[in-house]
Amino acid sequence: MPNDQGFSDFFYGAPDGLQLHARVYGETNTGRWPVVCLPGLTRNARDFHELALHLSTHAANPRKVIAFDYRGRGQSAYDPDVKNYNVGVEAGDVLAGLAALDIAEAAFIGTSRGGLIVHVLGMIRPAVLKAIVFNDIGPVIEVAGLAHIQSYLERDPTPKTFAEAVDIQRSVHGEDFSALTDADWARMVWALYRETDQGLMPDFDPKLVDTVASLDLTQKLPDLWPQFEALAAIPLLAIRGANSRLLSAGTLEQMGKHHSMMETIIVEDQGHAPFLETGGLPSDIAAFLDRAERKNIPK
């Protein structure tokens, strides 16, 4: 049953037996497409809380929303084998969670790494994808964006207080996110950290940092254009932060040329990745899902 925060915790076993976690918002099956929310590399289900509440309690078209914690993040167990922290394994974990919830198809919202997982799902289980929202991700990842991620993960200090954590995040990301309010920064910190005896700690397995630090950014990164083109028949909304270092304006333009049904939103004064609960984004995403579902109804 949902708690007083609007969701229930769902635990399930990964294909290799690791215990994983997801949040489920909106227990009732409304007949609408459910929505699957997939976070970024080191993020977790809490990133989607406000958006999930909006979608699951929408007055006209409420939807069931499932927000996943990947292995090694949030309330999911840490994997003793760091090699399993990859998008292929994580895509399999998501499919296992959907099977446990008896969900055969859904709309997917993927932030950063979550969008890469959607690319993988399009190759291994395309029928599960009814509509897609990419949040600041596409088939080409800019080296400058990955370098920025490497930099702040490698030197991420441990804050002693919530206020100090907010100050740290502002110092790292403030230039790219001038649109954020104090409340936005507070939500970011609430979603990113957990309380421990040593103070606030990022809520992910520290070994994840090694998977990013080991990337050789002097080499050209492989693109995912074949995987993206496989999504061409699926309604797509691409959201880009105007200050993004990971998804370039040029890549976004090319995505539109490869996908005739793609809609686009540019979020001013935000970088990688836009906060989906800010501005009009919750209503924009809900409206996109409604349009996509209406077009899907057989005549």
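With the calculation restricted to Cα positions, what are the radius of gyration and Dmax of segment 153-235 in angstrom?
In Å, with Rg to one decimal and Dmax whole: 17.3, 50.
What whole-number distance in Å separates the alpha-carbon centres of segment 158-179 and segment 1-60?
When both Cα centres are located, 27 Å separates them.
Between T264 and D4, what is 0.36 nm times their sequence separation minus the Cα-Cα distance? Round to one decimal in nm.
Full extension of this stretch gives 90.1 nm more.
Suppose we keep just the DSSP beta bridges with both residues in the chain; what percent of those would be antiparallel, to 5?
The answer is about 45 percent antiparallel.
Estimate the FRET efficiency between D184 and A232 by the formula 1/(1 + (r/R0)^6), using the beta-carbon distance for r and 35 Å for R0, to the nearest 0.05.
0.55
Limiting things to C-alpha atoms, what are the Rg and the maximum Cα-Cα separation (Dmax) for segment 201-299, in angstroms?
Answer for segment 201-299, Rg first and Dmax second: 16.7, 53 Å.
Among the aspartates and glutamates, which fall within straight-line cross-link reach of K220, defined as a Cα-Cα distance under 13 Å, with same-chain neighbours fewer than 8 residues apart omitted?
Filter leaves E142.
Quick query: amide H of I137 versus all other amide H atoms, modeled in the peptide plane; which residues come in under 5 Å with a sequence gap of 5 or more or a different chain?
It is S112, I239, by chain and number.
Please work out the ratio of the alpha-carbon Rg of the chain to 2.2 N^0.38 Å and round it to two decimals.
Normalised Rg, Cα atoms only: 0.94.
Within a 10 angstrom radius of the beta carbon, how do L101, L247, L18 rank from fewest other beta carbons to most?
Ascending Cβ contact count within 10 Å gives the list L101, L18, L247.
Explain nothing, just the number: dipole magnitude of segment 111-208 about its Cα centre with +1 on each Lys and Arg Cβ and -1 on each Asp and Glu Cβ, in debye rounded to the nearest 20.
Dipole size: approximately 500 debye.
If you take the C-alpha gyration tensor of segment 100-244, multiply each eigenvalue by 5 and take the square root, what semi-axes do you get, largest first, in whole Å?
Ellipsoid half-lengths, sorted descending, are 30, 19, 16 Å.
Could you list W185, W190 in order of exposure, starting from the residue whose Cβ has the fewest other Cβ atoms within 10 Å?
Going from least to most buried by this count: W190, W185.
Taking the Cα centre of the chain as the origin, how large is its charge dipole in debye, to the nearest 20, when only Lys and Arg (+1) and Asp and Glu (-1) carry charge on their Cβ atoms?
With Lys and Arg at +1 and Asp and Glu at -1, about 880 debye.
Which of E154, E293 comes first, and how do the rest follow, when ranked by fewest Cβ neighbours within 10 Å?
The most exposed by this proxy come first: E154, E293.
Can you tell me, using C-alpha contacts under 8 Å and at least 6 residues apart, the relative contact order of segment 211-299 as a whole percent?
Worked out over segment 211-299, it gives 29 percent.
Over the residues of segment 15-136, compute the C-alpha Rg and express it relative to 2.2 N^0.38 Å.
Relative to the 2.2 N^0.38 Å estimate, segment 15-136 comes out at 0.98.
When the Kirkwood radius is taken over all Cα pairs of segment 1-57, what Stokes-Einstein diffusion coefficient follows at 10 °C and 1.306 mPa s, in µm²/s?
127
Straight-line reach from K160: which lysines fall under 29 Å, measuring Cα to Cα and dropping same-chain residues less than 8 apart?
K207
Read-outs throughout are calculated quantities, based only on the coordinates presented, and are distinct from any laboratory measurement. Since the model is a prediction, treat every value here as computed from it, not as a measurement. Quick reminder, even Gly has a Cβ in these numbers, built from the backbone with ideal geometry, and neighbours come from all protein chains shown.
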